[in-house]
1. Right, Ala156: over 17 Å from the mean Cα position of the chain (by Cα), at pLDDT below 95 and surrounded by fewer than 18 Cβ atoms within 10 Å (Cβ to Cβ) or not?
2. Might you check whether a residue that is closer than 29 Å to His158 by Cβ, part of a strand (DSSP E or B) and in contact with a Lys or Arg (Cβ under 6 Å, 6 or more places away or on another chain) occurs anywhere in region 218-239?
3. Does any residue of region 384-403 turn out to be modelled with pLDDT of 85 or more, in contact with a Leu (Cβ under 9 Å, 6 or more places away or on another chain) and more than 26 Å from Asp237 (Cβ to Cβ)?
4. Restricting to region 220-248, what's the tally of residues that are within 25 Å of Val33 (Cβ to Cβ) and surrounded by fewer than 23 Cβ atoms within 10 Å (Cβ to Cβ)?
5. Can you tell me which of Ala300, Ala311 is in a loop (DSSP other than H, G, I, E, B), among the small types (Gly, Ala, Ser) and either within 18 Å of the chain's Cα centre (by Cα) or buried (at least 20 other Cβ atoms within 10 Å of the Cβ) (or both)?
6. Does Thr75 satisfy the criteria of being assigned by TED's automatic domain parsing to the domain that holds Thr202 and free of Cβ contacts under 8 Å to residues at least 40 places away in the same chain?
7. Go through region 423-457 and give me each residue that's among the small types (Gly, Ala, Ser) and in contact with a strand residue (DSSP E or B) (Cβ under 8 Å, 6 or more places away or on another chain).
8. Residues in region 154-168: is at least one among the hydrophobic types (A, V, I, L, M, F, W, C), touching a residue at least 60 places away in the same chain (Cβ under 8 Å) and either closer than 24 Å to Asp97 by Cα or not in a helix (DSSP H, G or I) (or both)?
Amino acid sequence: MIVMKFGGTSVMDAAAIERTAQIVKGRLQRHPVVVVSAMSGVTDTLLAAGKAAGEGQRNHALQLARGLRHRHHCTAKELVSAEQYTALAAEIESEFDTLDELLKGIVAVGELSPRSSDYVVSYGERLNSKMVTQAYLARGLRAALVDARKIMITDAQHGRAIPQADEIEHRAKNLVRPLLDDAQIPVMGGFIGATEHGVQTTIGRGGSDFSAALIGSGLDAEAIEIWTDVDGMMTTDPRICPDARRIRVISFEEAAELAYFGAKVLHPATVLPAVRKNIPVLVLNSLNPTNEGTLIVGRAPRSNSTFKAIAAKKRITIVEVVAARMLGAHGFLKAIFDVFDKHHCSIDVVSTSEVSVSLTVDSNEAIPAIAADLEKIADVKYAGRNAIVCLVGENIRETPQIAARVFTALGEINVRMISQGASEINITFVISEDDVPEAIRRLHKAFFTEVDLEVFD
């Protein structure tokens, strides 16, 4: 069997959902499980509605919900017969009536809690999985709706809940496998889950990829397909470099590095359950389903090219902690990292010298509070509007003078931090956000003008 995950742009309207139905029809012999995101833009609107309700903007919150109600009705009407629509419309009405009551409750309380936010944003996947199931049934596919909250068991960390892989595998085999054995097509929403006690959770933005990988791992899938609106993973962002090339095949390790450092095609955690069971992942284009996309495997074939891709992660803040007489003191570095742990803030890049520690974090509203805590033990400076640029490739291990070639290609572009050695397959450095397009164009010209055609298209 295979798992097919369709992202928001692949299920954004009736025409897009129709395309997915045809793609699924072509894979019936492989016994697909379908995981769907909310329609494109719906999650953002739900988040805005929840935020408005939390700020007491009752009319605005309900207006946003009305817009979504209308959009789902219009899409459903295009997808199914009049008879099917009568039943589906009743479900859509019921779901949005409940959402309206939830938003009114948030207004009354005057606060949007993480738990309430999870309930609000869950409506996108819940509604879309129902519509996709009915659309497939209308086209002769034996689709069966599966409530993801009964499968995707997580801890109680709302907004970024951690899935419990063993319990997910147990439930997938008990609740999803029988449907496959009966030649049905299970359809479920990604991104959403629940605790063992049934309290609804979400696993973070982009989490539908993670959901698909966990289901694939739990069912020992032969492949996990991530359907997007691009022809797979590219050597860099084609909006910056129009001559960016498609990567035919890439290793799990390389894909994970790229995903973490800004390649938006794939959620960073997606590959982890697949790695555990050596399940190949394919990144495919629902707008161009005949394209072979990108294959992600445990061990990729050897390439003649040094790098596989260049990624950039913007909205980065550099934090510099200076304590000339304390840096070597026992526990000093631990004290620094404890501050970031206290604020639930992940660190990307770290560099140390005799008198300072420099590190990078995603820019967010917690930075001033983090700096205030750090100032209790050291002098602190921080600067935003930076970006991490990462070049990834397994051949870095065996290529001499590669760092010199990279920084020569950058020319006069100012590099603020450098990291090499933490991972054997990437070279990472930090520059100003404004320099990212030019840096990527220069690096792409230097390293991807001539490539291995067995690995790149």
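The values are calculated or read from the model by the stated rules, or taken from the named source; none is laboratory data. A quick note: this is a predicted structure, and the numbers were derived from the prediction, not measured. Heads up, the Cβs are rebuilt from the backbone with ideal geometry, glycines too, and the neighbour counts pull from every protein chain shown.
1. Values: over 17 Å from the mean Cα position of the chain (by Cα): yes; at pLDDT below 95: yes; surrounded by fewer than 18 Cβ atoms within 10 Å (Cβ to Cβ): yes.
The answer is yes for Ala156.
2. Looking through region 218-239, at least one residue is closer than 29 Å to His158 by Cβ, part of a strand (DSSP E or B) and in contact with a Lys or Arg (Cβ under 6 Å, 6 or more places away or on another chain).
3. No.
4. Step one: filter region 220-248 for residues within 25 Å of Val33 (Cβ to Cβ), giving 220-233.
Then keep just the ones that are surrounded by fewer than 23 Cβ atoms within 10 Å (Cβ to Cβ); that gives 220, 222-223, 229-231.
Qualifying residue count for the region: 6.
5. On the way: Ala311 fails: in a loop (DSSP other than H, G, I, E, B).
So the residue among Ala300, Ala311 that is in a loop (DSSP other than H, G, I, E, B), among the small types (Gly, Ala, Ser) and either within 18 Å of the chain's Cα centre (by Cα) or buried (at least 20 other Cβ atoms within 10 Å of the Cβ) (or both) is Ala300.
6. Values: assigned by TED's automatic domain parsing to the domain that holds Thr202: yes; free of Cβ contacts under 8 Å to residues at least 40 places away in the same chain: no.
Considered against the rule, which asks whether it is assigned by TED's automatic domain parsing to the domain that holds Thr202 and free of Cβ contacts under 8 Å to residues at least 40 places away in the same chain, Thr75 comes out as no.
7. Of all residues in region 423-457, those among the small types (Gly, Ala, Ser) come to 423, 432, 439, 446.
Matches in region 423-457: Ser432, Ala439.
8. No, region 154-168 contains no residue that is among the hydrophobic types (A, V, I, L, M, F, W, C), touching a residue at least 60 places away in the same chain (Cβ under 8 Å) and either closer than 24 Å to Asp97 by Cα or not in a helix (DSSP H, G or I) (or both).
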